1. Which residue, chosen from Val392, Thr343, Ala79, occupies the Cα position most advanced towards the positive end of the dipole of the chain, where the dipole is computed from +1 (Lys, Arg) and -1 (Asp, Glu) charges on Cβ about the Cα centre?
2. Is the stretch 367-428 best put as rounded, prolate or oblate by its Cα gyration tensor, with a ≥ b ≥ c the root eigenvalues, rounded for a/c under 1.5, and otherwise prolate when a/b is larger than b/c, oblate when not?
3. If each residue of separation counts as 0.36 nm, what is the full-extension length gain between Trp294 and Leu100 once their alpha-carbon separation is subtracted?
4. 7 Å from Cα along Cα→Cβ at both Arg457 and Asp380: what's the point-to-point distance in nm?
5. Taking all protein chains together and a probe of 1.4 Å, list Ile485, Ile162, Ile55 from the most accessible to the least accessible.
6. Placing +1 at every Lys and Arg Cβ and -1 at every Asp and Glu Cβ, with all other atoms neutral, what dipole size does the chain have around its Cα centre, in debye to the nearest 20?
7. May I ask you to compute the full-extension gain from Ala77 to Thr133, defined as 0.36 nm times their residue separation minus their alpha-carbon distance, rounded to one decimal in nm?
8. Can you pull a Stokes-Einstein diffusion coefficient for the chain at 4 °C (1.567 mPa s), Rh from Kirkwood over Cα pairs, as a whole number of µm²/s?
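The values are calculated or read from the model by the stated rules, or taken from the named source; none is laboratory data. Small disclaimer: the values here were computed from a predicted structure and weren't measured. Quick reminder, even Gly has a Cβ in these numbers, built from the backbone with ideal geometry, and neighbours come from all protein chains shown. Calculation scope for accessible area: heavy atoms of the full protein, side chains included, ligands and nucleic acids excluded. Shrake-Rupley method; radii C 1.70, N 1.55, O 1.52, S 1.80 Å.
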Amino acid sequence: MRAGAVALEWRRLRRHADPGLLAVYTGALLLLALAVLYPAYRVLVYPSWADYLAIPRSLRWLQAARNSLVMMVLSTASATLVGVLFAFATTRHDLPGRRLFRAAAMLPLFAPPFMVAFAYILMFGRQGLVTRTLLGLDANIFGWHGLWLVQTVAFFPLAMLIIAGVLEAINPSLEHAARNLGAPEGAVLRTVTLALARPGIAGAMLVVAISVLADFGNAVIIAGNFPLLATEAWFRMEGMGDLTGAALVVGMLLVPTVLLFLLERFWVSRRVYVTVTGRGSRIERPPTPPAVRWAVLLACLLVTVLVALVYLGVLAGAFTAVWGRDWSLTLEHWHLARDRAGTLWASVRVGTLAGVVTAVTGVLVAFLATRPLPLRGVLDFLAVLPGALPGVFVGVGYVLAFNPTPLGGTVWAVALALGMWHLPMGYQAAAARLRQVERAIEEAAVNLGATGLRVLRDIYLPMLLRALAEAFAVSFVRGVTNVSIVVFLIAPGQVVATFAILNMIQNNIWGAAAALTTMLLLLTVVAVGASWLLLGRAVRTAPVG
């Protein structure tokens, strides 16, 4: 019966696909199975059943799991709350400073994942500029409370971007109608604005929660003796050479990840939240109540100051002789950082390769997923699966899957891991763009004799250049600044900048670490700007669907 079903699917595949498209489709399936599914499989099967049964007897792992869940709840709640405030502030036309708040929210997205923790140690630690020098306090920022603050500032931009898109889509006439019916200001905000934004808030909480669980860079610097699953995996592998322990720890991260997916699907799908009806509205949003406007403004100003301190702290650290003791200016740290300039070029190379993998694979899989081909659901599942996997899980998976092969220990393994980890962004951007393309264009080309690959090359690729550019840019930035994957896969002679900076911070070489971090930031901004300038011309000349 099963063989008959397979034969039927195969005949259906041959009927709908030309040989070239069929070869690409098969190659994409094999690539995703090898680069996404196989590493995850290796992580789960590497420990024995006895190892899994021994987990409850490890008090440290249980404590790490409990701490990770506590931090996930705390940081997700606070980051989402701040994200709601910023989203509200940037979508209200009568609230001053909207552009400033949007710019402040975007800044942490370009920073290496450990940069917030590093900057806050410089500002609020025992030798901190704010706590010790200005306020005379002996503050200890290491621990769960410091990590909470850091993760809130580091991840609220993710929540803001998602929620702002939903708030922008809410028709202002709904708020006007509620007010005309006599609803007080608080009820309008609670039962109309925030209620309709619930899908965005739920999605934002999911993204932030997964990011908090997978956060390695901030945790390894500022958590101190507060064990977490993400850092425990690295300590197991690097400190003890315990691959089994590392696989068990990162495997434990999958449990809350799956629960988060189920919770998001259940909560969001309970109600219908249709706000885009196709009937345009030129009605302006009603004025924001003064009490709400001032409360949101003050809260956003406070967070904006905290974001500014991240960059101020790193920049000041790069020019200060001895942080906390000798505040004279010096360029000595830049000389030390210059000796590590080779790591910057290694980061650019890895980021470029990862960006190409994400962009090309994302566009190709999105196109194939729209074809009348069997197993399209499998393609879709494998393309979005990396979004649910923590970075440390991917790193350990690639170590177990490819270190025994010629791919292990090469820059290609790092680039492939980073590119596939960011694949959901490229895939979803391309899929969204494909849904806007009128299928009649393709049907006309097919009627004229175009093959499937010719349709992809001549019709869809020009229209997908913007999605291609966006996927490349985002994957490049996240690849250049990644820590959670490269710490597992980096090999001697291929050290990237983030790994070098992390080692400097842990060895208390703060000045050179700040200088190299500043150089990495500048390089990232310049590279992204150059890529957009080069690709923007192609995008502007591309046909519009």
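1. About the Cα centre, the residue reaching furthest to the positive side is Ala79.
2. prolate
3. In short, 68.3 nm is gained.
4. Reported label-point gap for Arg457 and Asp380 is 2.9 nm.
5. Ile162, Ile55, Ile485
6. 1140 debye
7. Gain on extension, Ala77 to Thr133, equals 17.0 nm.
8. Translational diffusion coefficient: 51 µm²/s.
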